[in-house]
Structures are given as C-alpha cells and as structure tokens.
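Novice: Before I ask anything, let me first share the structure, which is written out below as structure tokens.
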Amino acid sequence: MKLFDSHCHLNDKSYDRDMEAVIDRAARAGVKKIMVVGITEKTSRQAIDIASAFDGGYASVGVHPHDATSCSKKVLENLRRLADRPEVRAWGECGLDFNRMFSPQENQEDCFVRQIEIAGELDLPLIFHERDSGGRFYELVSTRMKKGQKGVVHCFSGSGDEMEKYLDLGFHIGVTGIVTIKKRAAELRRLIKGIPEDRILVETDAPYLTPEPEKRSFRRNEPAFVRSVLMEIADIRQADPEKLAAAIYDNTCRLFDIDIV
C-alpha cells in the first residue's frame, strides 16, 4: 500500500527528539511521501529543512490565519524566495479562521488574498485552512483565484453545500483522523461517500487529530497513522483499501506536481 500524508507539521517541537524514528515508522507503514506544512516564516524554513533530509519529503510555505498580524510585505517576500527551493510544492497553510480570532478579520483577509495572488504567480497549489468563516472564505477564493488555480481544503469539516462549492471550484478535499471518531464525524462520514475518488486526499495534521485507533495509546499524531485514515475511508465507501490508497496517492502527487513513483 502506497500512502501520501498530504498535511503534517513535523516542524512542531514535539518531534525534536525522535524525528528519525517518526520518519522510519512512516516508511514501515507504507507512507512513501510526506508534505510538511509551514504556517509562519520560521516554520516554513523548518519545513524545508526537514523535507530535504529524507526521501519523499516535501514542504509548503505560508502564513496561517492565526498569524495574519505578522503577515508583512517582508515576510511574504521572504516566503516567495523560499518557494524557489525544489522541496516546496505548495503554498499554505493559509485561509480564514473566525472561530478563535487570533488575528482580526481584516488582517486575515488581507493576508489570505495576498497569498492567493503570490501562489497564482508562482503556479503553486494552495493548502487552505477554513473555520467558521460564514461563507467569506468561499467569496474570496471564488473571486480572487485565477482560473485553473489549484488547492486542497485541509481538514474539511464543512457542510454538504460547502463541499459541493469547493468541488465545483476544482479543489481537493483533505480528510484527517477526525473521520475515525464516529459520533463527532457523523456528517463528514456521510459526505465522504460523495467525494469523487480523484478529489480525496488523506492527511494526519500531525501532531494533532490522532485517529481513534491510535488515540487510545498515543497522544501525539504522526504520519504513520495516516494509514488509519485511509482504512476508515475505505470502510465508509466500501472500497478496496489498496485500490483507494493508490488512487489517493496519485491524486496527491498530481496536485503537488510530484512524479508518481
């Protein structure tokens, strides 16, 4: 089984002491490729350094909506330069988060739009974060993105109407370990049956959102556990796990412009 963890944060300090073991466990679980996601200038640099240290490692650069107040012109210029590195295959995690409001709405929207524009100029797919934006996220992506610009809605937890709108824009849908928590993810589990096979991505969002099977023994999530996400989706869709894994692996490689090997 070939797996691609399309979104994780190995640049989190919780991996400082055992990074090599984490990568080894992922490889033994069938995880061939990993996208390490940046959320600030500092973590974007760290993502590149980590991704460059192992086969199948890739990185993204960007500013998370929580950090939008630090999204200066200089920071974006520095990130644009970092995007020239061969490991960088996406821009983000960026978007809107009106749930915790760590940054004011005005700052979030300005930061998001500027990143959409830069990603379009660089022809990089976007990794989106959306939470409780009340439709504002859709308004911005549907009016500010260039025709054909690609992206994935990371850790999707929206409504069926929102999912259909994102699919109509050509976006992929990222599914995390939340799907394994049956009561909490009842609506997501229902919607997963309707996602076209060529638009699904699997992700851990590690060290967060540990899947239910591993949550009983481990507090920290890691890329190896993306296998549990895949197996749960296969069970919900009544699909062959090997075939579904191959399709999702190919989806991820195509989105991030990575050779399918």
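Novice: Using alpha carbon centroids, what distance separates segment 113-175 and segment 184-241, in Å?
Specialist: Centre-to-centre distance over Cα atoms comes out at 21 Å.
Novice: If packing is taken as the average number of other Cβ atoms within 10 Å across a peptide's residues, how do 141-148, 188-195, 85-92 rank, most packed first? The partial results should precede the final answer.
Specialist: Working: 141-148: 13.1, 188-195: 16.6, 85-92: 21.5.
Result, highest mean first: 85-92, 188-195, 141-148.
Novice: List the relative contact order of the chain as a percent without decimals, with contacts defined as Cα pairs under 8 Å and 6+ residues apart.
Specialist: Values: 530 pairs, mean separation 52.7, N = 261.
Computed value for the chain: 20 percent relative contact order.
Novice: Grab the DSSP H runs of the chain that are 4 residues or longer, score each as -39,500 (n - 2.57), total them, divide by all residues and round the 222 nm result to the nearest 500 deg cm²/dmol.
Specialist: Values: 10 runs with 105 residues, N = 261.
That calculation yields -12000 deg cm²/dmol at 222 nm.
Novice: 7 Å from Cα along Cα→Cβ at both Ser142 and Arg237: what's the point-to-point distance in nm?
Specialist: With each label placed 7 Å out from Cα toward Cβ, I get 2.6 nm.
Novice: Now a separate question. Note down the relative contact order for segment 19-143 as a percent, whole number, built from C-alpha pairs under 8 angstrom at least six residues apart.
Specialist: Reported as a whole number, the value is 22 percent.
Novice: Between Asp168 and Asp257, what is 0.36 nm times their sequence separation minus the Cα-Cα distance? Round to one decimal in nm.
Specialist: Details: separation 89, 0.36 × 89 = 32.04 nm, distance 2.08 nm.
Between Asp168 and Asp257, full extension yields an extra 30.0 nm.
Novice: Under the Kirkwood approximation applied to all pairs of distinct alpha-carbon atoms, what is the hydrodynamic radius of segment 116-171 in Å? Kindly include the intermediate steps, with their values, before the conclusion.
Specialist: Values: mean 1/r = 0.0866 Å⁻¹.
Across segment 116-171, the inverse of the average 1/r is 11.6 Å.
Novice: Given the Cα-Cα distance of Asp84 and Phe102 and 0.36 nm per residue of separation, how much length would full extension add, in nm?
Specialist: Values: separation 18, 0.36 × 18 = 6.48 nm, distance 2.95 nm.
Working it through step by step, the gained length comes to 3.5 nm.
Novice: Could you list, in their original order, any pairs among Lys13/Lys33; Lys33/Lys215; Lys32/Lys73 whose Cα atoms are separated by more than 27 Å?
Specialist: Numbers: Lys13/Lys33 21 Å; Lys33/Lys215 23 Å; Lys32/Lys73 36 Å.
Table pairs above 27 Å Cα-Cα are Lys32/Lys73.
Novice: Going by C-beta contacts inside 10 Å, put Ile248, Ile116 in order with the fewest on the left. The partial results should precede the final answer.
Specialist: Details: Ile248 27, Ile116 24.
The most exposed by this proxy come first: Ile116, Ile248.
Novice: Then there is this: With N set to the number of residues, divide the alpha-carbon radius of gyration of the chain by 2.2 N^0.38 Å and report two decimals.
Specialist: The chain yields a ratio of 0.93.
No lab work stands behind these numbers, since they all come straight from the coordinates. Keep in mind that what you see is a predicted model, and the values were worked out from it rather than measured. Reconstructed Cβ throughout: ideal geometry from the backbone, glycine too, with neighbour counts over all protein chains shown.
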